[in-house]
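The values are calculated or read from the model by the stated rules, or taken from the named source; none is laboratory data. What you are looking at is a predicted structure, and each value in this text was computed from that prediction instead of being measured. A quick note on method: Cβ atoms are made from the backbone with ideal geometry, for glycine too, and the neighbour counts reach across all protein chains shown.
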Amino acid sequence: MRPGKTKHELKRIICINLALIFVVVGPGCAGILKTSKKTAGGTFTFPKNFIWGAGTSSHQVEGNNTNNDWWQWEQSLPLNMRSGRSCDEWNRFEDDFKLAQNLGLTALRFSIEWSRVEPSPGQFDAKSLERYREMILSLRSKGIEPIITLEHFTIPLWLAKRGGWLAEESPELFKEFARKTAEELGGDVHYWITINEPATYMYKSYMLGTWPPGEKSTNDAFKVIQNLAKAHVLAYGEIKEVYAKRAWKAPMVGVAQQVVIFAPCSPFSLWDRISAGLRDKMINHLLIDALIRGKAAIPGVFSIKLPKARTLDFIGLNYYTREHVHARGFLLADILGAECISANPHTKWNSLGWEIYPEGLYEIIKAFSRYKLPILISENGICTDDDAERSVFIAAHLKAVARAMDEGAHVIGYLYWSLLDNYEWAEGFAPRFGLVGVDYATEERTVRGSAKKYGEIIKCGKLDY
Ligand code: GCO
C-alpha cells in the first residue's frame, strides 16, 4: 500500500477490489468456495466441455402415455398412483426447457416413448417423431445438448402382448425402433443411451414382480437380461450405421447402468463380504463386462454371449445410494443376501429411505475407470421435502466427482435426476426429486433454491473437495 492514502480512499480501493473479484469469479463461486469445508483435498476446475445437465423420462413426465405396459399396469392401482397427465411435458416442454436454460444447464437427458413412435408393429407415427424433433431443436436453440434414451422401462402394449422382453424377437424389434429413431432424429443428436438400467428392470419386473409384467421367475429374468443386452448391441450397430451412411459426426452410444455401493453388514463376516462382492459383480459390473467383452458368466448360474463385443462408447452410471447386505445361507439367493439398516447415527436418508452416501460416487467412478471408457453420471439425485438437503446433496456428490477427476478419472458429465418432480413408478408422485417443483393440480412450476445453487456451481465451474 502506498503511503499517504486517507481512510476514505482505502475503503474505496477495497470496495473496487471486492467488486472486481465478484465480476471475475462470479457470485456463485465466491459463495461455493466460502461455504465448502476445506479438507485434505484440493480445488478442481471442470473442463470447459463438461456436460452439466439433468434428466427425465417419457412416462415419468410426458403424461397420457396410454399405449404402453405401465399405463395398463397402473389402471389397477389407486388413482393417486397412476401417471395420468403427470407433468404434461408433452405439451409444456418449451417452458420447461427455458427453465433449464435459465439455470445454465448445458444438457438434458430425456427419453423417446417407443409406444408413441411405433404405436403398432412396424407403423411409425410421423406426428410423434415431429414432436420429439421439436424438443431436440428447442434444446439446441438454447445451447442445451439433448441426450436421448431409447428405452426407459416402458414398452408398447403390442410388444407386451407378444411377451415383452421375454420374446425372442424383442431385440430385433428394438433394433428397428432404434434405426427409425436415429434416421429421423439423429442429425441433431450426439449422445444416445440405448437402455436405462437393464438390471433394475429385470429385477423389479421379473424377480420381485413389483413392476409390469409382475413376474417372479429367475429363469425368465435371465432371459430378459440377455435380450436387453442383445437389444443394446443391435441398436448400437444400427445407430452407428445410420450416422456413417449419412456422414454425420460419429455419435456416442452407451447404456445407463444402475450402480449401488454394496457394503457388508458386518465387515468382520467373511460371508457378508462375499455377499457384498457378489452383488457388486452381478448388479454393477456383469452387464458392462458383457457389453465390452461380448460375453460374461457366473459359472453354474448364468452366462451371456453377445453378437458383438465393444459396443459402448461411454458408460452411463445412475448412482443414488449404498446398501448394507448380509448372507442368509449358502444358496445363491441366500448369499446374495438380505439388506440391513446401517446403525451409524450420522447416516442420512432420502424420503424413500435410501442412504445418502456421496463418497460412494467417488468409489464407483474409481471402480468403473478400470474399463477405460468415458463415464457419464447419467443419474444422481435425491427425493426430499427439504430442498436445503438437495443443495447439500448436489454439492457433496459433485465434490466426489471433482475428486475422482482430479485423480485422473475420465468423467464427461453429470446429470442430476431429475429436472422436474415426476411420476416415480410404483412409488407414485410422493417422492420429490425435482430441481423444479411441480404442483400436479395446476401444473405450476417452482424453481427450487437447490436448482439455483446447482446453476451457481455450473457457472463457477470449479469446486473445493
Ligand atoms: C430408475 C430410473 C428413474 C428413477 C430414478 C429415481 O432408476 O428407476 O432411471 O426412472 O426415477 O432412478 O428412482
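Filter segment 410-425 for residues that are touching a Ser or Thr at 6+ places or on another chain (Cβ under 8 Å) and not aliphatic (A, V, I, L, M); which is farthest from the ligand (Cβ to nearest atom)? Restricting to residues being touching a Ser or Thr at 6+ places or on another chain (Cβ under 8 Å) and not aliphatic (A, V, I, L, M), the top hit is HIS410. Being in contact with a His (Cβ under 7 Å, 6 or more places away or on another chain) and of a type outside the set (A, V, I, L, M) is a property that THR181 lacks.
Restricting the search to strands (runs of 3 or more DSSP E) fully inside segment 50-166 and requiring at least 3 residues that are β-branched (Val, Ile, Thr) gives 145-151.
Taken residue by residue, segment 443-465 has at least one member that is free of Cβ contacts under 8 Å to residues at least 12 places away in the same chain and closer than 28 Å to GLN75 by Cβ. Residues that are over 18 Å from GLN60 (Cβ atoms), more than 16 Å from the ligand (Cβ to nearest atom) and modelled with pLDDT of 95 or more do not occur anywhere in segment 350-357. When you scan segment 182-198, how many residues do you find that are among the small types (Gly, Ala, Ser) and modelled with pLDDT of 95 or more? The qualifying residues number 2. The residues in segment 243-271 that are touching a residue at least 24 places away in the same chain (Cβ under 8 Å), more than 16 Å from the ligand (Cβ to nearest atom) and either surrounded by fewer than 21 Cβ atoms within 10 Å (Cβ to Cβ) or not in a helix (DSSP H, G or I) (or both) can be counted, and the count is 13. Can you name the residue in segment 376-409 that is in a loop (DSSP other than H, G, I, E, B) and in contact with a helix residue (DSSP H, G or I) (Cβ under 7 Å, 6 or more places away or on another chain) and, of all such residues, is farthest from LEU463 (Cα to Cα)? Looking at the filtered set, the residue picked out is THR384. Consider segment 272-282 and keep the residues that are out of contact with any Pro (no Cβ under 6 Å at 6 or more places or on another chain) and not polar (S, T, N, Q). The one that is farthest from the ligand (Cβ to nearest atom) is ILE274. Quick check on segment 317-338. Is at least one of its residues free of Cβ contacts under 8 Å to residues at least 60 places away in the same chain, closer than 30 Å to LYS240 by Cβ and surrounded by fewer than 22 Cβ atoms within 10 Å (Cβ to Cβ)? So far as segment 317-338 goes, no, none of its residues is free of Cβ contacts under 8 Å to residues at least 60 places away in the same chain, closer than 30 Å to LYS240 by Cβ and surrounded by fewer than 22 Cβ atoms within 10 Å (Cβ to Cβ).
State whether one or more residues within segment 131-141 are of a type in the set (A, V, I, L, M, F, W, C), within 22 Å of THR311 (Cβ to Cβ) and surrounded by 23 or more Cβ atoms within 10 Å (Cβ to Cβ).
No, that holds for no residue.
Look at GLU89 and say whether it is touching a Ser or Thr at 6+ places or on another chain (Cβ under 9 Å) and either surrounded by 24 or more Cβ atoms within 10 Å (Cβ to Cβ) or basic (Lys, Arg) (or both). Criteria met by GLU89.
For segment 185-210, enumerate the residues that are in a loop (DSSP other than H, G, I, E, B), on the phi < 0 side of the Ramachandran plot and within 19 Å of the chain's Cα centre (by Cα).
VAL189, HIS190
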